[in-house]
Amino acid sequence: GDEAGRRIRYRRVCARMRERRPGARRLLVVVPDGDEVARRAAGQLAEEAEGDPRLRVVAVPVSRPLVPDREDESGA
């Protein structure tokens with residue numbers, strides 16, 4: 001697809017996140033370590049969210065999928 005279509009899809013995902021987690025101000029986005037396509041997509045999603053919600057992208061090893069824990073973040 002083209003860039004405009006991709007941005008529209010990311011905005012729709014962001015809107016769904018806001019609907020499903022209305023109180024969440026920060027969300028954690030987990031991507032497999034070394035997966036540049038996933039990291040790029042997560043970065044674009046974070047950019048399109050424009051801080052509402054605020055997304056933090058974390059890469060975790062596939063062999064040991066441990067997610068960093070913070071009290072003020074919610075996974076979706």
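The values are calculated or read from the model by the stated rules, or taken from the named source; none is laboratory data. Since the model is a prediction, treat every value here as computed from it, not as a measurement. Positions of Cβ are generated from backbone atoms using ideal geometry, with glycine treated the same way; all protein chains shown enter the neighbour counts.
A few remarks follow.
- Considering the stretch 1-56, the residues that are β-branched (V, I, T) and in a helix (DSSP H, G or I) include one that is surrounded by the fewest Cβ atoms within 10 Å (Cβ to Cβ), namely V37.
- Residues (within 11 Å of P53 (Cβ to Cβ) and among the basic types (K, R)) located in the stretch 17-40: R18, R20, R21, R25, R26
- The set of residues in the stretch 8-47 being modelled with pLDDT under 90, over 20 Å from V67 (Cβ atoms) and charged (D, E, K, R) consists of R18, E19.
- Taking the stretch 19-36 as the range and being touching a residue at least 40 places away in the same chain (Cβ under 8 Å) and out of contact with any helix residue (DSSP H, G or I) (no Cβ under 9 Å at 6 or more places or on another chain) as the test, the residues that pass are R20, R21, R25, R26, L28.
- Test for R39: is it touching a strand residue (DSSP E or B) at 6+ places or on another chain (Cβ under 9 Å), without any contact (Cβ under 8 Å) to a residue 24 or more places away in the chain and among the charged types (D, E, K, R): yes
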